[in-house]
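**Student:** Sharing a structure, written as structure tokens. Questions coming.
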Amino acid sequence: NPAGGPGDEVLLNSRPTVAVGEPLVVLSDVEKYFGELHVLKNINLSVGRGEVVVVIGPSGSGKSTLCRSINRLETIQSGSITIDGSPLPSEGKELARLRADVGMVFQQFNLFAHKTIVENVTLGPVRVRRKAKTEAHDRAMELLNRVGVGNQADKYPAQLSGGQQQRVAIARALAMDPKVILFDEPTSALDPEMINEVLDVMIKLAEQGMTMIVVTHEMGFARTAANRVVFMADGEILEESDPESFFTDPKSARAKDFLSKIL
Ligand code: ADP
Ligand code: MG
């Protein structure tokens, strides 16, 4: 039962204060090709409400494509992906609304360069969630304060450090009240001294019960915050286990080899 079943919950949950609930993001038999290239192979993965899943694996193994498919930035050729029971529609207003349920934080912060920090955080809620401007602004300020950059609200992204920009990107994702947030190597583009300020924010979110799928090689984060580690190679999920077992006793040769290179 690689996807984990109800009976596994207690064992898998390394965050005792957060109970993992019913399946929220479910991928069933997902196949994805880029032309001839088979990038996701028979992916089955179920992420429960409140669960934090770390996805790890060599470059080119399909981790980003997995995230992008969940958010429908990529279309899959077969299988299904549901968020809270609903498949993502292929286009239109319904897609925008459902996509807003899935927050995304990228390696390159992807903030709007010509908007201020607070504008970056209010745009989505006003346009997609139809929030009133003052309400969106208040909420944005609350979130910016929560991630420690409230005093940067009127600056432009280029005036902030990478670590600050990434925390703004997290606040922007939170502003949409997503059901799940996907993080695709959120600290890979950061200078080493800024990695922890971003991981600390992510750890807090995890502790507060946010459902998260996190592509990262940060073992400390996985050990502190993850319920489960999923190891991908060549488009397949080769291994799934709790972080401690994965890092101390990986089962597959591919995982052993990978860990020997990053540790
Ligand atoms: P990872 O994030 O694990 O490094 P990716 O999901 O980015 O892996 O890529 C998986 C495979 O798909 C790689 O071989 C990559 O070159 C290929 N790929 C990714 N995006 C595209 C694309 N838009 N067009 C064609 N090939 C792609
Ligand atoms: Mg990637």
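**Student:** Using a simple charge model, +1 on the beta-carbon of Lys and Arg, -1 on the beta-carbon of Asp and Glu, nothing else, what dipole does the chain show about its Cα centre, in debye to the nearest 20?
**Tutor:** Details: 29 positive and 34 negative charges, 173 e Å.
For the chain, the charge dipole is close to 840 debye.
**Student:** Here's another thing I want to ask about it. Please give the net charge around Leu259, taking every other residue with its beta carbon less than 12 angstrom from that of Leu259, where Lys and Arg add +1 and Asp and Glu add -1. The partial results should precede the final answer.
**Tutor:** On the way: positive: Lys251, Arg254, Lys256, Lys261; negative: Glu239, Asp249, Asp257.
Counting the neighbours of Leu259, the net charge comes to +1.
**Student:** Here's something else I'd like to know. Among Asn227, Ala173, Leu66, whose Cα lies farthest out toward the positive end of the dipole of the chain, if unit charges sit on the beta carbon of Lys, Arg (+1) and Asp, Glu (-1)?
**Tutor:** Ranked along the dipole, the leading option is Ala173.
**Student:** So, taking all protein chains as they sit and a 1.4 Å probe, how much accessible area belongs to Glu244, in Å² rounded to tens?
**Tutor:** 90 Å²
**Student:** Write down the radius of gyration of the range 28-96 and its Dmax, each obtained from C-alpha positions, in Å.
**Tutor:** Over the range 28-96's Cα set, Rg and Dmax evaluate to 12.4, 36 Å.
**Student:** For the range 15-83, state which GluC sites (Glu not before Pro) are in a DSSP loop and have at most 11 other beta carbons lying within 10 Å of their beta carbon. Show your work: numbers first, answer last.
**Tutor:** Working: sites: Glu31, Glu36, Glu51, Glu74; in loops: Glu36, Glu51, Glu74.
Answer in residue order: Glu36.
**Student:** Sticking with this one: Dipole of the range 70-146, Cα-centred, from +1 at each Lys and Arg C-beta and -1 at each Asp and Glu C-beta, to the nearest 20 debye? Before the final figure, lay out the partial values.
**Tutor:** Values: 12 positive and 9 negative charges, 50 e Å.
For the range 70-146, the charge dipole is close to 240 debye.
**Student:** Straight-line reach only, C-alpha to C-alpha below 21 angstrom: list the lysines that Lys131 could link to, leaving out same-chain residues fewer than 8 apart.
**Tutor:** Lys93, Lys115, Lys179
**Student:** Something else now. Run the helix sum for the chain: -39,500 (n - 2.57) per DSSP H stretch of 4+ residues, divided by residue count, reported at 222 nm to the nearest 500 deg cm²/dmol. Write down the numbers at each step before the final one.
**Tutor:** Numbers: 10 runs with 98 residues, N = 263.
Result for the chain: -11000 deg cm²/dmol, rounded to the nearest 500.
**Student:** Report, ordered by chain and residue number, the lysines lying within cross-link reach of Lys251, taken as a straight Cα distance under 25 Å and ignoring same-chain residues fewer than 8 apart.
**Tutor:** Counting by Cα, and skipping residues close in sequence, Lys251 has these lysines nearby: Lys41, Lys63, Lys261.
**Student:** Among rounded, prolate and oblate, which fits the chain when a ≥ b ≥ c are the square roots of the eigenvalues of its C-alpha gyration tensor, a/c under 1.5 means rounded, and a/b larger than b/c means prolate? It would help to have the intermediate numbers written out before the result.
**Tutor:** Working: a/c = 1.63, a/b = 1.37, b/c = 1.19.
Here the chain falls in the prolate category.
The values are calculated or read from the model by the stated rules, or taken from the named source; none is laboratory data. Values in this document were obtained by computation on a predicted structure and should not be read as measured data. Neighbour counts are summed over all protein chains in view; Cβ atoms, including those assigned to glycine, are modelled from backbone coordinates with ideal geometry. Only protein heavy atoms, including side chains, enter the accessible area calculation; ligands, DNA and RNA are left aside. Shrake-Rupley method; radii C 1.70, N 1.55, O 1.52, S 1.80 Å.
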